[in-house]
Every structure is written in C-alpha cells, then in structure tokens.
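Enquirer: Below is a structure I'd like to ask you about.
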Amino acid sequence: MDMQTVKDKLLDYRYLMLVALLLLSFIIYNIGNTYNGNDDLLTRLFFFHYICAVIAFIARALMNKKERKGFMTPVLLLFLVSAYGLNRVMNIFHENTPWFSVLLVISGINLLLFHYYENLPRSVRAIMCFILGISVVLFIYLSCYLLPVYGMAVPAILALGISVHAFIPILALIHIWHLFYTHIRDDFKAGRWSVLSGFVFSLVVIVVFTMAMNSEVRQLNRIYNRTSAEGVSALPPWVVAANQMDGSWIEERVLKAEFIYILSDWFDWDFFDRSLRNFNDSRLHDPLMVIASGFVPKIIPSDEERIKILEALFDARHEGQERLWSGDDLYTDYVNTKARIWPKLHLAYTEKVITVVNNNGDSWRPQEAIYTFHLPEGCVVTSLSLWINGKEEKGILTTKEKADTAYKQIVGVESRDPSLVRWQEGNTVSVRVFPVTTKAARQFKIGFTAPLKAGDKELVYENIYFDGPSPAHATEDGTIEFATTPGTLSLPDQYESEGMQYRKEGNYKADWKVTIEKEDIQPHTFSFNGKGYSIKPYVLQRDPVLTNAVYLDINEAWSEKEINEVLQLVGTTPVYVWSGERMVLVDKKVLKNLQKQHFSLFPLYKIKDPANALLITKSTPISPSLDELEGSRFKTELSTWLSQDTVPKIRLLDLGEQLSPYLKSLKEFRVFRYEKGGILLLKILMDTKTFAGDIESDNKVVIDQANIEIEQSADSVTRGDAPDHLMRLFAYNHILQKAGKGLITKSEGQDSLVSIAREAYVVSPISSLIVLESKEDYDRFNIKDSDNSLKNASMKSNGAVPEPHEWALIILVLFSITYVKLRPKWIKVNA
C-alpha cells in the first residue's frame, strides 16, 4: 500500500465523521448516567442515540460498495451505544459492572483500529488479535443472554424498528468474523494464534471464576448445614458461617446474588425492576456471575440470613434496612452543616439540613428516603424538622412504638407526609422521609448533641456522616462556631475565619474533624423543672479488686505477641477462652483456631464468678449486633443471665482501637466497668490489683470519652449559663443506665423512663421523634407534645430555661413597666 493510500485512509473525513458521531453519542450516554432514574430524559436520550445510529447506517448505505469498506464498525458501535441507552429505560441487561463496561469500551476501540490494521506494527496487530479473541467470547455471551428476546424481537422489527437492538451482538459476531476473514486469516500466523489465545484466555477466566464461586457456595452451605445439624452452638448458623468465611470479593458477590447481582434466570425479567430492600445500588449485570450461577448449587441460607451476613461482614446494615417504598432514584443534592462547640464543656451541638431529590421522571411514583447517621460515642439526636408545603414543621417526641405505628400506617397505607428518626444499636440512627416526588425536593433538619472526644492534649469534634441517597454531587455549606475563644485549632480545608465563626462553601465531604487544644472543664450548671444539671471533670477512680480468673476474647485482631505478653502479665491467674463450645483453659491449638475468627461474640453468661473476673478484649470493627441475634439461644441465655439482680458489672479491659458492635451495645447498656489502654495498663492493673470504679448513680452519669460527669441535683434556685445540652446528655445516658439490661432482657418497667426522654427531648431506645402532616394525625395516634419539656434543640440553645413561676414573674414585671411608661400619656389623653 503506497503512502498516498495510507494518507487517504488516515484522513478519510467520512470515517472520521462517523467516529466523531460515535464519540459524541458515547459522551452523551455517559452524561445520561448521572440522570439515571429520570425516565423521560433517558427516553429522549435513547432516541438521540438511535437517530445517530440510523443516520450513520443511512450514510453508509448511500456509499458505493468499494467506499463503504470498513465503515460497518462505527455503525454497529453506534447501535450498541443505542442498545445500552434503551437498556436504561427497559431493564434487560441491567447496569454493567465496571470491569465489563471497560471491556466493552476496549473492544469497541479495538474494532475501530482494524480500519488501519495493515498500517500498524506487527506487535500492535498481535495485541489487537488477542483482544479480538476476547471480543468473540464477549459477543457470544451477549447473544446468548438475549436469546429469549429474539422471539419477541423478530415480529416487532417491522412494527417497532427499535427491536433491532436485540440483534446487535449477533451482528457484531458476524462482523468480527468478517474482520478475521479479511485482515487476519491470510496475514500472519501469529495473528491467528493471538485470536485463539484471547478466546481461550476468556474461557479460562470463566472456568476459574465458576470453580471459585462453586467452592465458596459449597463452603457456605457446608458450615451452615453442619451448624444446624449438630446443634452445639448457641449462635445461629448464619453467624457461625459469617465468622468462618474469608470475606473475599467472590464471597461478597455470592451473598449479594439476586440482591445486587442478577443471575441466570433469563426467562424471568422485570423490565421495571424496583427492589423494596434498601440496597440502593442498582442491580448489576456481571457476566461472570450470570454464567457461574448456572453451575453452582443453591445457596442454603435464606435471603434474610444472607442479608445479616452482609450486615455483619461488609458493613451493609444501611442497605439491609426494610423500606415501605423504593428509593432507587433519590440523591442528596445539598447539605448544610452548622456546629456550635463549647471547648470548656467538652460538648457540641450539630445541625444538618439535607435536601433530597427524586430523579425519576414518573411523577406518580413517590419514593422513600432513608438515611443512616453514624454518631460519635455518646451522641444523641435532639431535634428533627421536615419542611411541609414550604414551612418547617418540628418533630414531636413520643414512644418508639407509637412513632413506628404512625409512620407505617401513614406511609404504607395512606402515602402522606411524615418523617421519623429512630435509635439503632451501634451508635447509629435512621431517618426516614416520605414522600419524595419529582415535583419538588424534600428538605429535613436533624440535630445532634455530642460530647467531644478528649485526648491527653486535645479535644476532637468528629463530623457526623451518613449513608443514604448518594451525595456524590452534593454541595455543602458549613459553619463552625465556638462559644468561647478556642486555643490552638486545626480545621478542615476550605474553612475560613469570620470572627468566632468559620465558614466553607464547596462539595460535600463526609470524613473530617476539628482538633482543639484541650481545656480544663469549667463547672457550669443548667436548671430546669426544679433540678440542676452540673458538669464536672471526670477523674478516674480505681477500687481494689480480686481477680480469680482472666478471660480472653480472642479473634483475628490479636497477634501472637500480644497474647504471650498478656499471659506473662497475668502470672499464675487462670486464663480462659471460649472455644466455641465451652470455656477452656488457654491452649496454643485453641488460640490458633480462635485467631482465625473475623469477629468474636464472647458469652458473658459462661463466666462463673463475674464479680472476681477480668475480661480482656481486642475487637475487630465487625460483628453481629445484639438486635441481629434476637431469637437465638445465645441471646436468650444472655438475657436470662443479665436479668438476675445478683449479676454485677463485668470488668472489661479494651486493648484495641474500637469495640465491636456487640460489645459497644453492651457497654452502652452499662453491662461493663470499662477501661481502655494497652499492655502497660494491664500491668498496672494487675500489679496494683485495682480497676476503674463504678461511680454512676441515679443522679450521676459518666461520659468517659469526653472526660466529663454530669450530676443532677434538686435545685430550683441556682441560675446557670450552661446550654440545655447538659440536661439532654444526662437524660440520654441516664436512660441507658437505668434501662440498659432491661432493653436486652425485654423486661417490663422501661416505659417509666419515657417521661425522662420526653422532658429532655432525646431520641433513645424507647423514644423517637416524628413529624406528621397535621394535628389530626397526631391526635389519631395519640401523639401529644409536652408543654413542660426542652422541645427541639437549636443552635441558640443556651442558658437555663425559666420555670413556670419565673415566667409569671417575668410577665408581671413587663406589665408593670408598660403601665408605668404609658400611665402619664393615658392620664393626659383622658384629662
């Protein structure tokens, strides 16, 4: 081929125009991905792709036979883009996994390069041939996947031209054979072998993945069946299975099969699939999963049990929440964060106003927004608002049962406006907002009262982040203000000083914190309803103890070195571990097996002498929560044991960075006397034979992570300048303190604490905040606001709230001043 011919081919404007049209269609397709769920817009975009493909097809058809050589590739690729545009409106393929999308793009680019095949180096041509072999397998798969559609597509071609999209993979296969026949068959031997190598490589990958998935499913089923059959473990079979699984990416796909990843049930399509599980991710099309699922055994654990495994192993508790309406097309558009920090009180109040948008073009289909907020330890929700008809409506605090009943009735049956915030185990709360329609965005506000995390020299304010409708493109306004001038300060990027405030404008960011120079606690008091709430520094006081036995809570977080150091420090004191079946003295073989566990659920009820025992733990961040163990023999025996009045608080020494969800809940419910430290602390405790005393009482709570204690006293005289958040923190911790074991054992008597929650307006295990549309709705469900309460917290919450008799005095004083000021004028007018 002479240089002029090569130049003409490279500069062929007609081919380049088709490629440019293909590139434009591909760019528009990717822009359309950001509007996924807006059916009207996606339908219009599909017709744009379709028209581009038809134009290219007609343009090629108008060329003479010699000129059109090589022009079929961009035409077919334009129809392929159009087919995926149609797929967003009619779910046949579902959304591709990232690796499959990349493979399609690479295959398309490779096919386009065959127009210049003869002009490329042999090494490049060999790579192109290898990719072509992979493309053969790719389009064979897509052709087989669409096989059930062909029966409907053939007669519809004449009536509906768009059904031609079903045959694009077959046409692509024919075109690949044409490319092979034209360019490779008689070119060079290495090219043919490269095509074969790509084809075989693809088959090997499929076989290897199928074998790996088959192995994972069999292992899961074997563990589950063995645990069920033997009946030795007090834990449910799904917990045992979760603990012994390796947590690999293949395992995650196995557990998410049918929830996220579609399987090979080709004749059971749902063209407008909408899951009522809270797996907000779109259902994904992974060809490896589809193929492998046809060759693996049925997964034995039920859907509910697989969801629990996902929640425990892969932090999928938000996705596992049940919902009353779909939320697939929602996204978070805007976040406004305001924080007020009291450095001298080691506490903060945060408000977040969040705007959620429904991106679905079908205005008749309302959706439900569910957010899960992750709170710092000791944090409590103290306000909720929902904008209804453009007006902010504040939440009313009521019992958890009443709030749940009202929400389910109004959302599930009547489809009207409410918002609900619920307490959850593991320092999280969930917020639900309904309905979110395409007619208008919904906005809600939630407020949090939280202690600051206290270190040796610094205080840390941690942002409260959330899972929920995607905030990937959300903007955020942030304001941080201090009640008193802080010392040395470390702020996130973009925050600029404005006096005592710091502001930012920009994109939403979930992970950030503020570090403040630690200040000594200044005694402050807040008064309300004849009681005072005083804050003081918490000083750790250790009491003498007798330790007759040490129990180790072993899992994969422990190193062999740490175990040996602990064993050396405890000396001759007997050391026990839970083997999974019984409590045994420490043994190297048992320890080695226990170190393979992803998490541990230590059975406290198996401790023989809890008053004289020390439990040492180092947790992994994952585990089932107490609530997820409901109904198991483990939870029943734990509840029975804790219900005994003679059971003391167990001494727990935490050597790790954080407690597991299981231990975190037990700590919140005041099951432990707790200390946190390292090996050196253990040495001090063993040498001095002491441990942290339990100084909490009916009138005192301790928030150890903030180094503060709050005390309640009968005081109707003292006027304080502390914010009302002191009373809110006291009430929340007092409820957990008094109801803790009762919440686990489900014993009676918890309702008596509702009045405390209502007075302080705090969300707790027994109380929720709810916003309903009208007064009639509140009356119907017997939800009444308390006039004698703190109400919803706000950024202006500060100082004591006047008592009823003080309000009367204030009114009398104002009346007297008004009378004195206006009396002369009144006399003059009437003289």
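The values are calculated or read from the model by the stated rules, or taken from the named source; none is laboratory data. What you see is a predicted model, and the numbers here were worked out from it, not measured in a lab. Here the Cβ is made from the backbone with ideal geometry for all residues, glycine too, and neighbour counts use every protein chain on show.
Enquirer: Which residues, counting only those in region 409-436, are at pLDDT 90 or above, over 30 Å from Ile703 (Cβ atoms) and surrounded by fewer than 20 Cβ atoms within 10 Å (Cβ to Cβ)?
Expert: Selection gives Gln409, Pro435.
Enquirer: Tell me, which strands (runs of 3 or more DSSP E) wholly within region 478-557 include 1 or more residues that are more than 25 Å from Ile684 (Cβ to Cβ)?
Expert: The strands (runs of 3 or more DSSP E) meeting that bar are 496-498, 501-507, 513-517, 524-528, 531-537.
Enquirer: Quick one: Thr382 ticks every box in (1) crowded, with 23+ Cβ neighbours inside 10 Å; (2) at negative phi; (3) under 20 Å from the mean Cα position of the chain (by Cα) except a single one, so which number is it?
Expert: (3)
Enquirer: Taking the condition closer than 16 Å to Tyr15 by Cα and assigned to a helix (DSSP H, G or I), does Leu138 pass?
Expert: no
Enquirer: Tell me which residues, restricted to region 327-379, are more than 16 Å from Met795 (Cα to Cα), under 22 Å from the mean Cα position of the chain (by Cα) and among the charged types (D, E, K, R).
Expert: Correct list: Asp328, Asp329, Asp333, Glu368, Glu377.
Enquirer: Return the total of residues in region 70-103 being of a type in the set (Lys, Arg) and surrounded by fewer than 18 Cβ atoms within 10 Å (Cβ to Cβ).
Expert: 0
Enquirer: Can you tell me which of (1) within 26 Å of Ala316 (Cβ to Cβ); (2) at pLDDT below 95 is the one Val381 doesn't meet?
Expert: For Val381, the failing item is (2).
Enquirer: Yes or no: region 51-69 includes at least one residue that is surrounded by 16 or more Cβ atoms within 10 Å (Cβ to Cβ), part of a helix (DSSP H, G or I), assigned by TED's automatic domain parsing to the domain that holds Ile28 and basic (Lys, Arg).
Expert: The answer is yes, given that some residue of region 51-69 is surrounded by 16 or more Cβ atoms within 10 Å (Cβ to Cβ), part of a helix (DSSP H, G or I), assigned by TED's automatic domain parsing to the domain that holds Ile28 and basic (Lys, Arg).
Enquirer: So, one more: Among the residues of region 569-579 satisfying the criterion of being within 35 Å of the chain's Cα centre (by Cα) and buried (at least 18 other Cβ atoms within 10 Å of the Cβ), which is farthest from Tyr662 (Cα to Cα)?
Expert: Only one residue tops the list, namely Val577.
Enquirer: Something else about it: Does Val413 qualify as being assigned to a strand (DSSP E or B), among the β-branched types (Val, Ile, Thr) and without any contact (Cβ under 8 Å) to a residue 60 or more places away in the chain?
Expert: no
Enquirer: When you look at Lys439, is it more than 17 Å from the chain's Cα centre (by Cα), surrounded by fewer than 17 Cβ atoms within 10 Å (Cβ to Cβ) and either among the aliphatic types (A, V, I, L, M) or modelled with pLDDT under 95 (or both), yes or no?
Expert: So Lys439 passes the test.
Enquirer: A further question follows. Being under 10 Å from His49 (Cβ atoms) and touching a Phe, Trp or Tyr at 6+ places or on another chain (Cβ under 8 Å) is the filter; apply it to region 13-32 and report the residue that is surrounded by the most Cβ atoms within 10 Å (Cβ to Cβ).
Expert: Checked region 13-32; the qualifying residue surrounded by the most Cβ atoms within 10 Å (Cβ to Cβ) is Ser25.
Enquirer: Can I ask one more? Report the residue count in region 340-371 for those that are small (Gly, Ala, Ser) and crowded, with 23+ Cβ neighbours inside 10 Å.
Expert: 2
Enquirer: Looking for whichever is surrounded by fewer than 18 Cβ atoms within 10 Å (Cβ to Cβ), in contact (Cβ under 8 Å) with a residue 60 or more places away in the chain and at positive phi here; the options are Asn529, Asn612. Which one fits?
Expert: Asn529
Enquirer: Which ones in region 664-693 are more than 24 Å from Asp456 (Cβ to Cβ) and either aliphatic (A, V, I, L, M) or part of a loop (DSSP other than H, G, I, E, B) (or both)?
Expert: Within region 664-693, Leu666, Phe669, Arg670, Val671, Lys689 qualify.
Enquirer: Next up: Of these, Ala229, Ala242, Ala212, Ala257, which one is at pLDDT 85 or above, more than 30 Å from Tyr117 (Cβ to Cβ) and more than 29 Å from the chain's Cα centre (by Cα)?
Expert: Checking each option against the conditions leaves just Ala229.
Enquirer: Taking the conditions exactly as written (within 16 Å of Arg780 (Cα to Cα) and touching a residue at least 60 places away in the same chain (Cβ under 8 Å)), does Leu397 satisfy them or not?
Expert: Yes.
Enquirer: Let me ask you something else. For residues that are modelled with pLDDT under 90 and polar (S, T, N, Q), scanning just region 789-814, find the one that is surrounded by the fewest Cβ atoms within 10 Å (Cβ to Cβ).
Expert: Applying the filter and picking the extreme gives Asn798.
Enquirer: Still on this model: If you take the residues of region 55-109 that are touching a Lys or Arg at 6+ places or on another chain (Cβ under 6 Å) and at pLDDT below 85, which of them is farthest from Arg14 (Cα to Cα)?
Expert: Ranking the qualifying residues of region 55-109, first place goes to His94.
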